[in-house]
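The values are calculated or read from the model by the stated rules, or taken from the named source; none is laboratory data. Because the structure is a prediction, the values reported are computed rather than measured. Here the Cβ positions follow ideal geometry from the backbone for every residue, glycine too, while neighbour counts run over all protein chains shown.
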Amino acid sequence: MTMNGKGRVPVPDALRDFFREHPRLALAFSGGTDSAYLLCAALACGCDVTAFYAQSPFQPAFERVDAERLARELGAKLVVVPLDVLAVEEVRANPADRCYHCKQAIFSALIKAARAAGCDAIMDGTNASDDAGDRPGMRALKELGVLSPLRLCGIAKDAVRAYSRAAGLFTWNKPAYACLATRVPAGTPITAGMLQSVEGAETALFGLGFSDLRVRLFHGAARVQLPADQLPRAVERRDAIRQALKPWFDTVLLDLMER
């Protein structure tokens, strides 16, 4: 385990060795816990790293805000890459393997931008807790040669959060947040309007004090998923929830299964 010059960033030896072998890297930066720690660790190890944020309709506005804030706090280079994933027919159609086509489109664009910036390789924040299995998105990353140092070094999610907290990163306890496209049932073509409605509804629920939530589309209605401990409060505040989501959904359903 090593620390940065200020003695604040824990970096396991295996990860330090990775950055020594890859001194100039691009990072697919989402603003989430994993990629945030990876950016911080890379900088602490003296790696010449540039963060690339893919701005698409699938990412809510707060993710870019978090990404820009963290890059600013770390003094990191950040490049925003605009990408209209809905222009990709295989993504818009929303098949069961949509994530494969989406990752192909997004990372191909990031790789192109990274090469233009002179980066030797690109990495992402997949960690050792993520189940690779035969997931479509993981398959796309492998095909494109994306490096996943946290996974390669055996660093699991709990360790990422612990290291992030020790490093003083505000993202250390940030809940995982899947892209907005996951709120649309597979097989239902995705439109920009759907994504805007979901983002608006989730933002409204955040404003009411709920967290770690999802608003999924269900036959035109909003199916709200919350952690079990927030369900009683949701029932008590059902009128407030209905009013908050009214601009986007006429019908609001509360899923009683734990999110």
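Within the range 157-196, which residues are surrounded by 15 or more Cβ atoms within 10 Å (Cβ to Cβ), assigned to a loop (DSSP other than H, G, I, E, B) and among the small types (Gly, Ala, Ser)?
Passing the criteria: only Ala167.
Would you check which residues across the range 1-27 are modelled with pLDDT of 95 or more, among the aliphatic types (A, V, I, L, M), buried (at least 19 other Cβ atoms within 10 Å of the Cβ) and closer than 17 Å to Cys153 by Cβ and list them?
The answer is Val11, Leu15, Leu25, Leu27.
Name the single residue, out of those in the range 57-72 being of a type in the set (Gly, Ala, Ser) and surrounded by fewer than 22 Cβ atoms within 10 Å (Cβ to Cβ), that is farthest from Leu110 (Cα to Cα). Before the answer, list the steps.
Filtering the range 57-72 for residues of a type in the set (Gly, Ala, Ser) gives 61, 67, 71.
Still in the list and also surrounded by fewer than 22 Cβ atoms within 10 Å (Cβ to Cβ): 61, 71.
On the way: Ala61: 19, Ala71: 17 Å.
Filtering the range 57-72 for residues that are of a type in the set (Gly, Ala, Ser) and surrounded by fewer than 22 Cβ atoms within 10 Å (Cβ to Cβ), the one farthest from Leu110 (Cα to Cα) comes out as Ala61.
Could you tell me whether any residue of the range 49-58 is out of contact with any helix residue (DSSP H, G or I) (no Cβ under 9 Å at 6 or more places or on another chain) and either in contact (Cβ under 8 Å) with a residue 12 or more places away in the chain or on the phi < 0 side of the Ramachandran plot (or both)?
There is no residue in the range 49-58 that is out of contact with any helix residue (DSSP H, G or I) (no Cβ under 9 Å at 6 or more places or on another chain) and either in contact (Cβ under 8 Å) with a residue 12 or more places away in the chain or on the phi < 0 side of the Ramachandran plot (or both).
Exactly one condition in (1) surrounded by fewer than 18 Cβ atoms within 10 Å (Cβ to Cβ); (2) within 25 Å of the chain's Cα centre (by Cα); (3) hydrophobic (A, V, I, L, M, F, W, C); (4) in a loop (DSSP other than H, G, I, E, B) is not met by Phe206; state its number.
Single failed check for Phe206: (4).
Let me confirm something: among Val88, Val80, which residue is of a type outside the set (Asp, Glu) and in contact with a Lys or Arg (Cβ under 9 Å, 6 or more places away or on another chain)? Step through it out loud before you land on a result.
Values: Val88 fails: in contact with a Lys or Arg (Cβ under 9 Å, 6 or more places away or on another chain).
When all the criteria are applied, what remains is Val80.
Of all residues being aromatic (Phe, Trp, Tyr) and within 25 Å of Arg72 (Cα to Cα) in the range 164-214, which is modelled with the lowest pLDDT? Just the residue, please.
Of the residues in the range 164-214, the ones aromatic (Phe, Trp, Tyr) are 170, 172, 177, 206, 210.
Restricting the remaining residues to those that are within 25 Å of Arg72 (Cα to Cα) gives 170, 172, 177, 206.
Details: Phe170: 96, Trp172: 96, Tyr177: 87, Phe206: 96.
Going through the qualifying residues, I end up with Tyr177.
Among the residues of the range 10-26, which ones are within 19 Å of Phe170 (Cα to Cα) and not in a loop (DSSP other than H, G, I, E, B)? Walk me through it before giving the result.
As a first pass, look at the range 10-26 and keep what is within 19 Å of Phe170 (Cα to Cα): 10-11.
Val11 - this is the single residue of the range 10-26 that is within 19 Å of Phe170 (Cα to Cα) and not in a loop (DSSP other than H, G, I, E, B).
Just name the residue that is nearest to Ala14 (Cα to Cα) out of those in the range 153-166 that are of a type outside the set (Phe, Trp, Tyr) and touching a Pro at 6+ places or on another chain (Cβ under 7 Å). If you could, list the steps in order and put the result at the bottom.
Residues of the range 153-166 that are of a type outside the set (Phe, Trp, Tyr), as a first pass: 153-162, 164-166.
Filter once more, so that each one left must be touching a Pro at 6+ places or on another chain (Cβ under 7 Å): 153, 155, 166.
Values: Cys153: 6, Ile155: 9, Ala166: 18 Å.
Among residues in the range 153-166 that are of a type outside the set (Phe, Trp, Tyr) and touching a Pro at 6+ places or on another chain (Cβ under 7 Å), the one nearest to Ala14 (Cα to Cα) is Cys153.
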